[in-house]
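Peer 1: Okay, handing you the structure first.
What follows is calculated from the coordinates using simple rules that are stated; it is not laboratory data. Predicted model only: the values in this text are computed from it and were never measured. Neighbour counts run over all protein chains shown; Cβ positions are idealised from the backbone, glycine included.
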Amino acid sequence: MTFGKKIVSGLLWGQIGMAGRSLICFAVSILVARSLGAEIYGIYAALISLIYLMKKFTDIGTYAVFSTYIPRFLSRDRAGECSYVVRNMIAIRIAIIVVAAVILNLCSGPAVTLIGDPSIADYLILTSVWFVIRGITDGFTIIVMATVRMKFFSAVEIAISVVQLTGVLVLMQFGMSLNRLILLMLAVNGIQMICYAIGSVDTVRPKPEKTQLMPIIKFGIAASLSNLLQYFKNRSIDIFMILHFLNDSASVAYYDVAFLIVFTGGTFFLSSIENLTLPIISEAHSRYGDDGLRSSWELLTKLSIFLAAPIFVFFIAHANSIVTVFYTDAYAAAAPIIVAYSIFSVVGLFLAHDVSESILLPLNRERLYLGLRAFNGILNIMLNIILIPRIGVMGAVIATGGSSILTNVIELVIAMRVIKARLPLGFIARFSMILAVSISWTLAFEPTRIWSLAATAIAYAVATTWLMFRICGFSDTEKRMIQDVQPGLYNLLTRLSLIR
């Protein structure tokens with residue numbers, strides 16, 4: 001398979017799985033939020049954040065190690081060494097996870113005090129078991145993705161999501177409580193773990209051949225430190241700080257609902273691109289040097305803007321309707337948070353978002369990469385500490401959005417200096433005009449039902465896409481890329497007069 005076709009195949013199947021999973025999980029979040037109410041849902045969001053925090057602190061760089069070394073070993077017919085590394089990394093990770101779960105329960109008093117809500121103590125035992133299963137599942141999932149078994153990945157993600165949705169619907173019929181919901185999630189993640197373990201058999205089964213493990217572990221630990229620093233700009237740390245400073249689980253619920261809408265809906269079409277940005281940029285650099293790095297940077301920047309910016313603009317225009325239709329008036333306080341986060345997100349896309357950050361690794365600038373993540377995370381925490389006690393939940397939004405924008409600016413400056421990258425300002429200007437035109441007519445409507453909201457969104461998407469292809473178009477290089485990789489798509493776009 002050629003490089004281009006491999007990228008397209010990975011994007012296609014990865015997008016199918018992640019998009020399907022995101023859609024169903026979004027539906028699950030709506031049902032759960034409606035059934036539990038804001039206060040209990042806020043505790044549920046805090047428990048999920050606790051699991052995420054523990055996964056970060058027990059990580060030994062599994063993603064970085066498997067994503068780097070599994071393709072490297074297998075491409076060189078060194079399946080035995082690959083099996084040796086994978087088996088040892090999985091065993092070490094499981095041991096660390098189990099120890100962390102035990103420590104969490106032994107230290108439940110201080111943990112609950114730090115989080116800020118005593119009722120969380122009632123759910124710590126179940127949450128610890130849930131964390132163990134989630135942590136083990138992650139390792140097997142990464143193996144499947146590192147071996148590019150994206151069809152299998154897509155099938156598992158969609159199937160598991162359907163099981164999860166079915167379970168939630170059953171709970172709604174027989175009575176949903178937080179304990180029952182956690183038990184359901186335990187069962188769902190357990191099935192998921194088994195599926196991915198089966199999908200990892202071909203990688204783990206070969207007879208292990210001993211190789212140097214310590215340098216690989218050191219590499220993984222360095223990568224995990226980077227991911228840990230990245231955590232401090234994640235929604236989980238914001239949820240903990242909101243609960244700690246405000247001691248109000250309902251505020252956590254409003255924040256979490258807004259975050260889910262913006263970052264699940266807004267990045268719906270970006271999930272696969274985000275996972276493949278680094279491989280695409282790395283291979284482009286190894287094949288074509290700085291010219292390839294610069295071209296892939298510009299293409300990914302344009303693609304990210306095209307796929308996500310229209311969604312964020314729609315959220316800004318119709319935040320109130322979205323919250324009311326999906327989550328009812330009980331969550332109306334989430335609407336201003338959606339607007340603020342969406343504005344930050346659009347600005348971030350226009351500043352090349354995380355694409356600029358990704359170029360640092362192929363250029364062997366790991367320390368700068370780590371430093372930028374640390375800067376973003378630490379700044380977010382500092383701003384949270386200052387702003388949340390003063391202006392409440394919106395302080396967390398400004399802290400997270402503002403720290404990300406400032407980091408994006410720094411990353412863009414670095415990209416402009418290192419690889420002579422240039423923002424596609426002409427594309428951004430034309431696309432901004434398209435968004436202004438295509439969203440303007442929707443402002444005359446205030447959708448109050450799911451069908452009217454969907455109809456407005458679809459009409460807006462069609463208008464935006466048609467105008468984009470007619471006004472922005474593709475460069476000659478991008479046309480050749482599409483024609484080479486997907487001639488059928490190229491011919492279709494040509495017949496529709498979307499490529500000229």
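Peer 1: If you rank 151, 218 by fewest surrounding Cβ atoms within 10 Å, what's the result?
Peer 2: By the 10 Å Cβ count, ascending, the order reads 218, 151.
Peer 1: Would you mind getting me the FRET efficiency between residue 385 and residue 99? Use the beta-carbon distance for r and R0 = 25 Å, nearest 0.05. Mind showing how you got there, number by number?
Peer 2: Working: r = 30 Å, r/R0 = 1.21.
Result of the calculation: an efficiency of 0.25.
Peer 1: If you don't mind, another one. Could you please rank 82, 472, 107, placing first whichever residue has the fewest other Cβ atoms within 10 Å of its Cβ? Write down the numbers at each step before the final one.
Peer 2: Working: 82 27, 472 20, 107 12.
Taking fewest neighbouring Cβ atoms as first place, the list is 107, 472, 82.
Peer 1: Another question, then. Please give, to one decimal in nm, the separation of the simple spin-label points placed at residue 180 and residue 462, each 7 Å out from Cα toward the Cβ.
Peer 2: 4.2
Peer 1: Students often get this wrong, so check it: of 151/420; 55/210; 56/151; 151/207, which have C-alpha atoms separated by over 32 Å?
Peer 2: 151/420
Peer 1: Please give the contour-minus-distance gain from residue 207 to residue 108: 0.36 nm per residue of separation, less the Cα-Cα distance, rounded to one decimal in nm. Spell out each step's value before the answer.
Peer 2: On the way: separation 99, 0.36 × 99 = 35.64 nm, distance 4.19 nm.
Taking 0.36 nm per residue and subtracting the Cα distance, the gain is 31.4 nm.
Peer 1: By what distance, in whole Å, do the Cα atoms of region 1-224 stretch along each of the three principal axes, largest value first?
Peer 2: For region 1-224, the Cα spread along each principal axis is 54, 38, 25 Å.
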